[in-house]
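All remarks here apply to the structure that follows.
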Amino acid sequence: MGLPFTFHQDSPVLMPDVFQSIWCGIKRVTKAGAVLSQEEKISVYDGLKAMTVYAAYQYGEENQKGKIQEGKTADFIILDRNPLEIPTDEVKDVKVLETIKEGKQIYILEE
C-alpha cells in the first residue's frame, strides 16, 4: 500500500539482530518453518529502508538522519558484503564490521 514501515527488536528477550529482522520480512518463515503470508514479503531494499529512511520518518527525524545526504547526521555501518547482491537466504548472516556515529567509530567487529 506504499506505507512506510519499520521493524522492532525484542531485546532484551532476544539479542538485536537487524539483518535477521530484514531476513524475516524477506522470507516470511517462522523458526519452526511455517510459511507466513507470502504476499506480504518485502524486498531486501525495502528491508534496508525500514531500518533507515522509514525509521527516521517514524521518529520525526527524517530531516536530520535516515539517508546519506548533505546536511544530515553521518551515522552509518560498514558491512562484510552487500545485502542487495547476495542470495536472500544469506541476508540473515550479513555482519556489521564497523559502526560510525556522528563521525566517530563506536564499534568494530573483533574476530
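The values are calculated or read from the model by the stated rules, or taken from the named source; none is laboratory data. Model, not experiment: these values are computed from the prediction. Quick reminder, even Gly has a Cβ in these numbers, built from the backbone with ideal geometry, and neighbours come from all protein chains shown. The area values use the complete protein model at the heavy-atom level, side chains included, leaving out ligands, DNA and RNA. Shrake-Rupley method; radii C 1.70, N 1.55, O 1.52, S 1.80 Å.
Within the listed set Ala32, Ala50, Ala74, the residue fluctuating most in the Gaussian network model of the chain (springs between alpha-carbon atoms under 10 angstrom) is Ala32. For the chain, the relative contact order comes to 22 percent (Cα pairs under 8 Å, sequence separation of at least 6). Amide H to amide H, with H built 1.01 Å from N, Leu79 comes under 5 Å of Leu97, counting only residues 5 or more places away or on other chains. Each principal axis of the Cα cloud of the range 1-66 was taken in turn, and the coordinate range along them, longest first, works out to 40, 31, 14 Å. Computed on the range 1-52, with alpha-carbon pairs under 8 angstrom and 6+ residues apart, the relative contact order is 35 percent. Taken over the chain, the percentage of Cα pairs per 5 Å bin, counting from 0 up to the bin with the maximum distance, is 2, 11, 17, 23, 23, 14, 7, 3, 1.
For the options Lys72, Lys49, Lys92, a Gaussian network treatment of the chain with springs between C-alpha atoms closer than 10 Å singles out Lys72 as fluctuating the most.
Using a 1.4 Å probe on the protein chains only, how many percent of the accessible area of the range 11-111 belongs to carbon and sulfur? Answer for the range 11-111 is 53 percent, counting heavy atoms of protein chains only.
Residues in the chain average 74 Å² of solvent-accessible surface per residue, probe 1.4 Å, ligands and nucleic acids excluded. In a simple Cβ point-charge model (Lys, Arg +1; Asp, Glu -1; nothing else charged), the chain has a dipole of about 200 debye relative to its Cα centre. Phi-derived couplings, Karplus 6.51 cos²θ - 1.76 cosθ + 1.60 at θ = phi - 60°, listed residue by residue for the range 34-43: 6, 8, 9, 2, 5, 6, 9, 4, 10, 8 Hz, with x used for Gly and Pro.
Which order do peptides 52-58, 82-88 fall in by mean Cβ count within 10 Å, highest first? Show your work: numbers first, answer last.
Values: 52-58: 17.6, 82-88: 11.6.
Top to bottom by mean Cβ count within 10 Å: 52-58, 82-88.
With θ taken as phi - 60° and the Karplus curve 6.51 cos²θ - 1.76 cosθ + 1.60 applied, the whole-hertz 3J(HN,Hα) list for the range 96-111 is 7, 8, 7, 10, 10, 10, 6, x, 10, 6, 10, 8, 9, 5, 10, 10 Hz, x standing for glycine and proline. A straight line joining the Cα centroids of the range 34-48 and the range 78-94 runs 15 Å. Our coupling estimate for the range 76-85, obtained by passing each phi through the Karplus curve with A = 6.51, B = -1.76, C = 1.60 and θ = phi - 60°, is 7, 10, 10, 9, 7, 6, 8, x, 7, 10 Hz, Gly and Pro reported as x.
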